[in-house]
1. What number comes out for the charge environment of THR104, summing +1 per Lys or Arg and -1 per Asp or Glu over other residues with Cβ under 12 Å away?
2. Net charge within 9 Å of THR67 by Cβ-Cβ distance, Lys/Arg positive one each and Asp/Glu negative one each, not counting THR67 itself?
3. Kindly identify the chain as rounded, prolate or oblate by the Cα gyration tensor criterion: order the square roots of the eigenvalues as a ≥ b ≥ c, call it rounded if a/c is under 1.5, otherwise compare a/b with b/c, prolate if a/b is larger, else oblate.
4. With a 10 Å cut-off between alpha carbons and a GNM built on the chain, which of LEU97, LEU66, LEU20 moves the most?
5. Would you mind ranking GLU22, GLU5 by Cβ crowding within 10 Å, fewest neighbours first?
6. Take LEU49, LEU4, LEU24 and order them by how many other Cβ atoms sit within 10 Å, fewest up front.
7. Between beta-carbons, use under 15 Å as the cut-off and find the net charge around TYR44, counting Lys and Arg +1, Asp and Glu -1.
8. Nearest 500 deg cm²/dmol is fine: what mean residue ellipticity at 222 nm does the chain get from its DSSP H runs of n ≥ 4 alone, each adding -39,500 (n - 2.57), divided by its residue count?
Amino acid sequence: FLVLEIGGDIVGRVSIRHELNEWLSTYGGHIGYAVRPEFRRKGYAKLLLGEGLKICSSLGIDHALLTCKDSNFVSAKVIEFAGGVLENIVPGPDGLLRRYWAKTNIG
């Protein structure tokens with residue numbers, strides 16, 4: 001995983017899943033990211049997801065599966081900004097889940 005630190009403060013993190021098992025291929029995806037609440041709405045999620053996609057590309061993953069709760073409109077926008085294309089919405093462990101695919105060769 002990768003941690004974003006600014007001025008000694010941990011801002012957020014991105015985790016890369018090199019391979020997907022059955023659960024991850026439905027609910028989790030290749031990339032997980034999070035930004036601490038006090039650092040949100042500053043573009044850090046876009047930065048972290050972009051770096052995650054670059055790492056996936058370097059690992060030979062051409063398209064990354066990205067997921068978020070259907071109710072998480074902000075995360076959906078971040079994924080869409082990164083080129084994520086909605087495949088479907090499925091029932092998940094905690095409600096509806098949006099499943100996206102994004103090309104990893106973004107630059």
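Each reported figure results from applying straightforward, stated rules to the coordinates on display, with no laboratory input. Fair warning: this is a prediction, and the values are worked out from it, not measured in the lab. All Cβ positions, even for glycine, are placed from backbone atoms using ideal geometry, and neighbour counts span all protein chains on display.
1. Values: positive: LYS54, LYS103; negative: GLU51, ASP62.
Overall, the nearby charge balance is 0.
2. Details: positive: LYS69, ARG98, ARG99; negative: none.
So the environment of THR67 carries a net charge of +3.
3. Values: a/c = 1.66, a/b = 1.24, b/c = 1.34.
Taking the square roots of the gyration eigenvalues as a ≥ b ≥ c, the chain is oblate.
4. It is LEU20.
5. Numbers: GLU22 7, GLU5 10.
Listing GLU22, GLU5 from fewest to most nearby Cβ atoms yields GLU22, GLU5.
6. On the way: LEU49 26, LEU4 19, LEU24 15.
Going from sparsest to densest Cβ surroundings: LEU24, LEU4, LEU49.
7. Details: positive: ARG13, ARG36, ARG40, ARG41, LYS42, LYS46, LYS77; negative: GLU5, ASP9, GLU38, GLU51.
Net local charge, TYR44 excluded: +3.
8. Working: 2 runs with 24 residues, N = 107.
Mean residue ellipticity at 222 nm (helix-derived): -7000 deg cm²/dmol.
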